[in-house]
Amino acid sequence: MDELLVVRGLAVRFAALRDISFTLERGRTLALVGPSGAGKSTLARCIAGFETPSAGEILLHGRPVPPTARSRVQLIFQQPAASLNPRFTAAEILEEPLLIQRRDRQGAAARAMDLAGLPAGSLGRRAHEFSGGERQRLAIARALVLEPEVLILDESFAGLDWRLQEQIAALLRGLRERLGLASILIAHDLDFAAALAHTLAVMQAGTIVEQGPVAAVMAAPNHALTRELIAAARALSLDGAP
Ligand SMILES: Nc1ncnc2c1ncn2[C@@H]1O[C@H](COP(=O)(O)OP(=O)(O)OP(=O)(O)O)[C@@H](O)[C@H]1O
Ligand SMILES: [Mg+2]
């Protein structure tokens, strides 16, 4: 088993995160679900190196991630499209992280566009000239340009219509297969996250109250919150039925 990312006994004092442990393998997706304020984004920021935990460890390939290798874990924020400067061209947006990292820019932007399913011919268009869904893809392309091993999507699907959600889901599945990309998918929508993920972790008040393979947890949830989330997802899907 290829344990790519290991989080062990992680704690963050200000967010009351405690004893967070899980492992993530290459090409696998972990769905992280739980109510608002549970600490999901704080955990994501720790793994991406934007926050320093007060205890515990984060290991990539069995070793702590040095500051110079932070780009191996990329985080896409809660509102990815809003984080793009509308006046910048796609090429400028995609080359900026490479400039900062002093990496070779030759062809990298075009490759990232291709991976995200955007036409390389639109590299010269400005961010505001793309549709909302295309901007979402552009945000993903920007995260991919540094060739990360782990991609964290923090509610990056929220607010997208179902067709766009499906497109982004297909994109993520393709990246897993083609690059072995591992991902952490933070979501409120349990059904959607479960359909895309291999493992599921349910967070409440700063701690993981239940985790395991998606099918096993969904079939036999142990924690009251997990049962509640499953019931809520069912009610929603019944609401949406024709
Ligand atoms: N920089 C900070 N300083 C102090 N407290 C913080 C900080 N960031 C988050 N918190 C607190 O940590 C807790 C967890 O917040 P976090 O944003 O991680 O939750 P979340 O699970 O992502 O919620 P949501 O689903 O609403 O995005 C909250 O109580 C929040 O108020
Ligand atoms: Mg959050």
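The values are calculated or read from the model by the stated rules, or taken from the named source; none is laboratory data. Remember, predicted model here, so these are calculated numbers, not experimental data. All Cβ positions, even for glycine, are placed from backbone atoms using ideal geometry, and neighbour counts span all protein chains on display. Surface areas here come from the heavy atoms of the whole protein model, side chains and all, with no ligands, DNA or RNA. Shrake-Rupley method; radii C 1.70, N 1.55, O 1.52, S 1.80 Å.
Listing for the model above:
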quantity: Segment 132-197 and segment 26-64: distance between their alpha carbon centers, rounded to Å; calculated: 17 Å
quantity: Evaluated at q = 0.11, 0.12, 0.27 Å⁻¹: base-10 log I(q)/I(0), Debye formula over Cα of segment 179-242; calculated: -0.26, -0.31, -1.30
quantity: Gain upon complete extension [F88, S21; 0.36 nm per residue less C-alpha separation]; calculated: 20.2 nm
quantity: Cα-projected label distance for R8 with R105, points at 7 Å along beta-carbon direction, nm; calculated: 4.1 nm
quantity: Environment charge at L229 (Cβ cut-off 11 Å; Lys +1, Arg +1, Asp -1, Glu -1); calculated: -2
quantity: Residue-count net charge about R173 - beta-carbon cut-off 14 Å; Lys, Arg +1, Asp, Glu -1; calculated: +1
quantity: Amide proton proximity set for I152, modelled H, under 5 Å, gap of 5+; calculated: Q74, L75, I76, I184
quantity: Translational diffusion of segment 1-146, µm² s⁻¹ [Kirkwood Rh, Cα pairs; Stokes-Einstein; 4 °C; 1.567 mPa s]; calculated: 77 µm²/s
quantity: Residues of the chain: accessible area per residue with a 1.4 Å probe, Å²; calculated: 49 Å²
quantity: With every protein chain in place, the chain: carbon and sulfur % of accessible area (1.4 Å); calculated: 51 percent
quantity: Global size of segment 68-175 as Cα Rg and Dmax, reported in angstrom; calculated: 12.8, 38
quantity: Theoretical ellipticity at 222 nm over the chain - DSSP helices of four or more residues, -39500 (n - 2.57) apiece, nearest 500; calculated: -11000 deg cm²/dmol
quantity: Among beta bridges that DSSP assigns inside the chain, antiparallel share in %, nearest 5; calculated: 55 percent
quantity: Proximal charge balance of Q74 [Cβ under 10 Å; K/R count +1, D/E count -1]; calculated: +1
quantity: Helix 90-100 vs. the chain, principal-axis angle (Cα, 0 to 90°, nearest 10); calculated: 80 degrees
